[in-house]
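The values are calculated or read from the model by the stated rules, or taken from the named source; none is laboratory data. Predicted, not measured: the structure shown is a model, and the values here were computed from it. When we count neighbours, we look across all protein chains shown, and the Cβ atoms used for this are built from the backbone with ideal geometry, even at glycine. Surface accessibility is based on the protein's heavy atoms, side chains included, excluding ligands, DNA and RNA. Shrake-Rupley method; radii C 1.70, N 1.55, O 1.52, S 1.80 Å.
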Amino acid sequence: MTEPLLDSPQAPGTAPPAAPDFRSLMSTFPTGVAVVTTMGPTGRPWGMTCSSVTSITTDPPTLLVSLRRGSPTLTALQQCSTFAVNLLHHRGRPAAELFSSGDPDRFDRVAWRGGSGLGGPHLLDDAHAVADCRVDRTLSVGDHVVVFGEVFRIERHQPAPPRPLLYGLRQYRSWSAADPFEGDAL
């Protein structure tokens, strides 16, 4: 017998699932890997690995990223109101690990380009595409802040089709449009 898809609302006095249980659940949902970058008010680059990236609408083109409250990247992003979402390709795992490490010199260890007209630094060797965004609004949820960004520029760094970096089951993998689907029928 299978369990119901929809449970009744949480009964008063019952606790939500523990954080490790929720992380375990979400690890079974593979997602793309990005590095969100921005420039601080003093011109210092900031960035962090992010797998919570979602497209919201195409008119106007808007996406969201979810960033940990207290992150220096989030603070800089809120101060300058622009950011870049660097979508990593299959060889971008070292950058993903570097930007999730907390290393204060991470931008000294990757090729990047900044400048006026960009939402934030572009990771030249690690991203297959970059979306430059203006902060439209933010929403605090638990220990994260959801940032809605209106995309004002897209730059592609690799010829199509890209091979994006994926993360799921606590492992990095890649996917290509040329990879065969295992099981031709749904």
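Distance between the C-alpha centers of the stretch 106-134 and the stretch 23-77? Whole Å please. Distance between centres, Cα-based: 13 Å. Checking every one of the trypsin sites (Lys or Arg not before Pro) in the stretch 129-176 against DSSP loop status and a limit of 11 other Cβ atoms within 10 Å picks out Arg170. Note that the stretch 44-186 presents 57 Å² accessible area per residue, ligands and nucleic acids not counted, probe 1.4 Å.
Surface calculation, 1.4 Å probe, protein heavy atoms: His128 sits at approximately 30 Å² accessible.
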